[in-house]
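The values are calculated or read from the model by the stated rules, or taken from the named source; none is laboratory data. None of the values given here were measured: they were computed from a predicted structure. Cβ coordinates were reconstructed from backbone atoms using ideal geometry, including for glycine residues, and neighbour counts include every protein chain displayed. What goes into the accessible areas is simple: the full protein's heavy atoms, side chains included, and nothing from ligands, DNA or RNA. Shrake-Rupley method; radii C 1.70, N 1.55, O 1.52, S 1.80 Å.
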Amino acid sequence: MPTADWKTKELTPGQLSERSGVAVSALHFYEREGLISSRRTSGNQRRYTRETLRRVAFIRISQRVGIPLSEIRDALDRLPEGRTPTRRDWETLSTAWQADLDERITQLVRLRDNLTGCIGCGCLSLGSCKLVNEHDRLGAEGPGARVLDVHLNCPEPGLCDDPGDSLSVLPENPDSVCSLPSDPDSPTVSAC
């Protein structure tokens, strides 16, 4: 199939698939889910506006970082109907997602940097657990990976809704933890 010329205003499903890198079946799925739309020709063939490329790219990148389709649909529903979204329209969408994306970034960084140490899950299988989560004291705070999960604690003062809900982040090298907190009931970890 020949690639659509850059001046082409409407794309066939094959052309949209080729340029976006998304299978035609996925495009049809996105359309059924209300994420993209097409018009039908007199011969009942689908045609997508060229701006659909941006929507498909947005959908794919959002999915890749773990955003559910329902949230993607809600975001795309904020874009105007009947005209190509402007830079300002996309900026409004971006601003609305800022906090969620920042939280996801924080969670991914924390997962990358701290998974090899104690995460406060209660398994007590690592040497650092004896210092970070002695006798599973973090279990009293509730279930889950108490040190790792950004929904359960906060790495920096001022980022959480409730500053009293904050736990300290593990040091970059968990083996550098050399002292227990001065208050045995405190969930914070002190390092030398």
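Among the residues of the range 65-108, which ones are within 15 Å of Tyr30 (Cα to Cα) and within 14 Å of the chain's Cα centre (by Cα)?
Ile67, Pro68, Leu69, Ser70, Glu71, Ile72, Ala75
Output the number of residues of the range 5-29 satisfying the condition of being within 26 Å of Arg64 (Cα to Cα) and open to solvent by less than 80 Å² (accessible area, probe 1.4 Å).
Residues flagged as within 26 Å of Arg64 (Cα to Cα) and open to solvent by less than 80 Å² (accessible area, probe 1.4 Å) within the range 5-29 amount to 16.
Considering Leu79, Leu53, which residue is touching a Pro at 6+ places or on another chain (Cβ under 6 Å) and under 24 Å from Pro13 (Cβ atoms)?
Answer to the check: Leu79.
Among the numbered criteria (1) assigned to a helix (DSSP H, G or I); (2) closer than 17 Å to Leu16 by Cα; (3) not hydrophobic (A, V, I, L, M, F, W, C), which single criterion is violated by Asp100?
Here Asp100 meets the rest and fails (2).
Here are the criteria: (1) open to solvent by less than 80 Å² (accessible area, probe 1.4 Å); (2) assigned to a helix (DSSP H, G or I). Tell me which single one Gly120 does not satisfy.
(2)
Could you grab me the full set of residues in the range 45-89 that are of a type in the set (A, V, I, L, M) and under 15 Å from Gly21 (Cα atoms)?
Hits for the range 45-89 are Leu53, Val56, Ala57, Ile59, Ile61.
How about the range 41-80: which of its residues are of a type in the set (A, V, I, L, M, F, W, C) and exposed (fewer than 11 other Cβ atoms within 10 Å of the Cβ)?
Passing the criteria: only Val65.
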